[in-house]
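These notes are about the structure you will find just below.
We did not get these values from a lab; they are worked out from the coordinates using the rules stated. In this text, all values refer to a predicted model and were calculated from it rather than measured experimentally. Neighbour counts run over all protein chains shown; Cβ positions are idealised from the backbone, glycine included.
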Amino acid sequence: MGSVRSSGAVFDLVSRVIVALLAALCLVGPMFALASTKYNEPIKRVNIAAIVVFLFAVITSAGSSASNHEVFMMTAAYAAVVVVFVGETLYV
């Protein structure tokens, strides 16, 4: 019985680490992609933001048991973070 709890705890820890890494990648990846584009290409930057927000919505809805309104709220929050980064670096 102790080994079942122990392996369950290890699985929980590994799954939390994987989720944390994916969450960091979802935020840092688009930042690097947006920072690597030229500042005189605002359409390209907005397109990158739209693509990553769309992918986030699809992955979140397919990979979780969240309801439709929860997926919408998560996507809206994620889009707000990405759009702020686009806006802050657009005319630097």
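Details
- Taken about its Cα centre, the chain carries a charge dipole of about 140 debye when Lys and Arg each add +1 at the Cβ and Asp and Glu each add -1 at the Cβ.
- Space enclosed by the convex hull of the alpha-carbon atoms of the stretch 6-46, per residue, Å³: 44
- Degrees between helix 42-63 axis and first principal axis of the chain (Cα, 0 to 90, nearest 10): 20
- Where only alpha carbons of the stretch 44-92 are counted, the Rg and the Dmax (Å): 12.0, 40
- Relative contact order of the stretch 1-81: 21 percent, from C-alpha pairs under 8 Å at least 6 residues apart in sequence.
- Inverse mean reciprocal Cα-Cα distance (Kirkwood Rh) of the chain, Å: 15.0
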